[in-house]
Structures are given as C-alpha cells and as structure tokens.
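Just so it is clear, none of the values below were taken in a lab; they were calculated from the coordinates. Computed from a predicted model, the values in this text were never measured in an experiment. Cβ placement follows ideal geometry from the backbone for every residue including glycine, while neighbour counts extend to all protein chains displayed.
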Amino acid sequence: MPLTNETPFTNYIYFIYWAYSASSSGAYGDIAAVTPSEKIFQIFTMLFFKIYFAFCAAEGANLISNYYIARTENLAKVRFSIKRGTKLLNSKQLMKNG
C-alpha cells in the first residue's frame, strides 16, 4: 500500500503499528488492522500486553529469587544447628569419658 497519498499523521500511525507488530510478532496473523483507528487500537493493545508480559516475567523471577533466598537462609540455620548439636554431643561425650 503506498503511503504517499496519506497524511503525515496517518503515515506515523502506520509506522508505529508496523514497529509494534514487528517487535511483538502479534500482528502477522490472518486478521490485520486496516484503518488508522484499528491500528491505533491494536498499538495500545500490543503495548498493554507487552507491559503485562513484562510484569508477569518480573514477578516470576521475583518468586524464584525469593525461594532461593529462603532456601539458603534455611540451609544456613540447619548447618548452624548441626554444628551446635555436634559441639554439644562432643562436650557430653568428653564429660562421660573424663
């Protein structure tokens, strides 16, 4: 479709639509926006879902990070308890033998 007959605003909308659809690979299906108003709607829809995906990915990474932090803290507590228990056991054995 030649864009020379369109207004600069419409050309800008087409450009933004193309950039968002190319970066999100969401507009290469059977149904594509044709009119400028459809393209504007689809631009905002793609932008919304990009932000939503980024939020979900960040929350997933946060959950995994918190899991490993809690696991590391629990392992440190267990190791401390084992060391303390081993020292206590050794001191009791020394008292029995001594």
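The local environment of V78, defined by Cβ-Cβ distances under 14 Å, has a net charge of +4 under the rule Lys, Arg +1 and Asp, Glu -1. When you count the other C-beta atoms within 10 angstrom of each residue and take the mean per peptide, 7-19, 45-57, 65-77 line up highest first as 7-19, 45-57, 65-77.
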